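The values are calculated or read from the model by the stated rules, or taken from the named source; none is laboratory data. Source: prediction; values computed, not measured. Reconstructed Cβ throughout: ideal geometry from the backbone, glycine too, with neighbour counts over all protein chains shown. These area figures cover heavy atoms from the full protein model, side chains too; ligands, DNA and RNA do not enter into them. Shrake-Rupley method; radii C 1.70, N 1.55, O 1.52, S 1.80 Å.
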Amino acid sequence: MIIKFDVQNFGSIKEKQTLSFEADKSSHLENYYVIEPVKGLRLLKLGLIYGANASGKTTILCALEFLRDLVMEPREKKIELLDFKPFLFDENTPKQHSVLSIEFLQNKIRYSYQVLFNENAIVNEELYFYDPKQALVYRRSTDLDKQFTQIEFGSKIKADKAFERALESNTLWNNTVLGGYLKTNIESKELKDVTDWFKSYLRPMIYTRTRLNTYVTKRIQDNIINKETVVNILKNADFNISDIQISEENKVLDERSIKLYMAMDISKDTIDKIANQPTRKIEFAHTINNKKYFLSINDESEGTQRYYEFAGLLTMLISSSIALPIDELESSLHPDLYTHFLLSFLVNSKNSQLIATTHNREILNNKDIFRNDVIWFTDKNENGATELYSLSDFTSTVIRDTTNIFNAYKTGKLGGTPNLGDYYIETVNERK
């Protein structure tokens, strides 16, 4: 599970900003929101990030995604640049290194991982574990002139010279040591634990434009996602769907398509392969007056299609232990359905975490269903830099037990809202 995540000099973020999943002392809704995976460490399942457009909400999730990619998708060549931008509204930050760090639990062991980097290389990298006190797994430094990586292992880590040489040779200056380990035929319990966490627990970010139809359907077919659970989620969400039918059929190429392929000099063998490639057909059963009617998924509403995808994600969150970042969680969802999704996750999940950006304010209107420490805000300061802070950071002079959080946020008392100008728009012709 994620304990906390730090970002510095990345995109719209200048100074270090921290997203923490450590619960505060409140016992409010503790049975639903708080997990204690090891004694004395109380972690939250949920983090919701509010803020105006371009305030940096998505940047937090993008930074987390970027860190995952640094580990799981190591560069193949030294000349490949790291695809990110530092904070650009300053003369100095483009020349300074960016920093990402994360603390997490894997197999009940606490790890702390940090990378310092620029667009050319990983400059420094450190991994620690706590057993029970903090101990070094490795420390990596890069000679930027020679483009050469050096790795120092902690005293508790078993690593002979052959191990170190093999790992250094596969850790290019623009790769993390963890990425180098994935390309090396060596054994290390600690490195395997950490790379397994990035692969299996921290999942790729779900963007607003991400279509999950094929992903969810394939996993239903492979019995990774339980179809009956997905159907039950759709039923509970009042979609009047009683079954899902998935089948495959071969494509039928019409005369016009065949002529078009031939005009593009595509060989007959390739055209035959295209024609014989099966396509997946998804139909939803709607039971009306005790009779089933089947609709293709393409004939369903955008909201139904989106919630089918989300039902698959919810099944994964409930049945597995994963951290799932989602951008604009409310996209294509009715406010009641949005709340239903969150509450279904909180009530049924055991060791998963959901991190989402959102504009949906309605949940803030009901203190009976949220905790202050899961609500976060992003705002731009006078230098154009993103600042991230929690609702639980506000003192009782701003937020009291009787305060309506929805109204406080809507009126700008908590920040994170757009500073809108006049509705009147002066056109060029009017100025003349």
Open item on the list: Among the numbered criteria (1) of a type outside the set (S, T, N, Q); (2) over 30 Å from GLU328 (Cα atoms); (3) over 22 Å from the mean Cα position of the chain (by Cα), which one does LEU127 miss?
Closed with: (3)
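Only strands (runs of 3 or more DSSP E) wholly contained in segment 265-366 count here; list those with 1 or more residues that are touching a Gly at 6+ places or on another chain (Cβ under 7 Å).
Working: elements: 278-288, 291-296, 323-326, 353-357.
Those strands (runs of 3 or more DSSP E) span 353-357.
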- [ ] Among the candidates GLU168, GLU190, single out the residue that is in contact with a strand residue (DSSP E or B) (Cβ under 7 Å, 6 or more places away or on another chain), in contact (Cβ under 8 Å) with a residue 40 or more places away in the chain, open to solvent by 30 Å² or more (accessible area, probe 1.4 Å) and more than 18 Å from LEU64 (Cα to Cα).
- [x] GLU190
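Quickly run through segment 119-149 and pick out the residues that are of a type in the set (S, T, N, Q), under 19 Å from VAL71 (Cβ atoms) and open to solvent by 30 Å² or more (accessible area, probe 1.4 Å).
Keep residues of segment 119-149 that are of a type in the set (S, T, N, Q), which gives 120, 124, 134, 141-142, 147, 149.
Remaining after also requiring under 19 Å from VAL71 (Cβ atoms): 120, 124, 141-142, 149.
Residues satisfying the conditions are ASN120, ASN124, SER141.
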Task: Identity of the residue in segment 243-265, of a type in the set (A, V, I, L, M) and surrounded by fewer than 14 Cβ atoms within 10 Å (Cβ to Cβ), that ends up modelled with the lowest pLDDT - done: VAL252
- [ ] Determine if segment 283-296 includes at least one residue that is of a type in the set (Gly, Ala, Ser) and on the phi > 0 side of the Ramachandran plot.
- [x] no
Open item on the list: Which count do you get for residues in segment 12-46 that are in a strand (DSSP E or B) and within 26 Å of TYR130 (Cα to Cα)?
Closed with: 15
Task: Given (1) within 16 Å of the chain's Cα centre (by Cα); (2) of a type in the set (Phe, Trp, Tyr); (3) within 26 Å of ASN232 (Cβ to Cβ), number of the condition TRP376 does not satisfy - done: (3)
TODO: Could you please tell me which pairs satisfy a Cβ distance under 6 Å, a separation of 6+ or placement on different chains, a first residue in segment 359-382 that is more than 16 Å from LEU44 (Cβ to Cβ), and a second residue that is modelled with pLDDT of 85 or more and aliphatic (A, V, I, L, M)?
DONE: THR378/LEU388
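May I ask you to verify whether SER12 is polar (S, T, N, Q) and more than 21 Å from the chain's Cα centre (by Cα)? Show your work before the answer.
Details: polar (S, T, N, Q): yes; more than 21 Å from the chain's Cα centre (by Cα): no.
For SER12, the condition - polar (S, T, N, Q) and more than 21 Å from the chain's Cα centre (by Cα) - is not met.
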Open item on the list: Pairs needed: first member in segment 35-63, closer than 21 Å to GLU387 by Cβ and hydroxyl-bearing (Ser, Thr, Tyr); second member anywhere, exposed (fewer than 15 other Cβ atoms within 10 Å of the Cβ) and at pLDDT below 95; C-beta distance under 8 Å; at least 6 residues apart or different chains.
Closed with: TYR50/HIS359
- [ ] From (1) open to solvent by less than 70 Å² (accessible area, probe 1.4 Å); (2) polar (S, T, N, Q); (3) modelled with pLDDT under 95; (4) outside any strand (DSSP E or B), pick out the condition that doesn't hold for THR214.
- [x] (1)
Task: Selection from segment 283-303 of residues that are open to solvent by less than 100 Å² (accessible area, probe 1.4 Å) and of a type in the set (Asp, Glu) - done: GLU283, GLU300, GLU302
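Among the candidates LYS183, LYS199, which residue alone is closer than 30 Å to THR357 by Cα, surrounded by fewer than 19 Cβ atoms within 10 Å (Cβ to Cβ), touching a helix residue (DSSP H, G or I) at 6+ places or on another chain (Cβ under 9 Å) and in contact (Cβ under 8 Å) with a residue 24 or more places away in the chain? Break it down stepwise before answering.
Numbers: LYS183 fails: closer than 30 Å to THR357 by Cα.
LYS199 is the lone residue from the list that is closer than 30 Å to THR357 by Cα, surrounded by fewer than 19 Cβ atoms within 10 Å (Cβ to Cβ), touching a helix residue (DSSP H, G or I) at 6+ places or on another chain (Cβ under 9 Å) and in contact (Cβ under 8 Å) with a residue 24 or more places away in the chain.
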- [ ] For ARG68, indicate whether it is open to solvent by 40 Å² or more (accessible area, probe 1.4 Å) and of a type in the set (Lys, Arg).
- [x] no
Task: Selection count, segment 104-134, where residues are more than 17 Å from LYS4 (Cα to Cα) and among the β-branched types (Val, Ile, Thr) - done: 2
Open item on the list: Condition first: within 30 Å of ILE3 (Cβ to Cβ), surrounded by 12 or more Cβ atoms within 10 Å (Cβ to Cβ) and charged (D, E, K, R). Now tell me which residues in segment 74-103 satisfy that.
Closed with: ARG75, LYS85, ASP90, GLU103
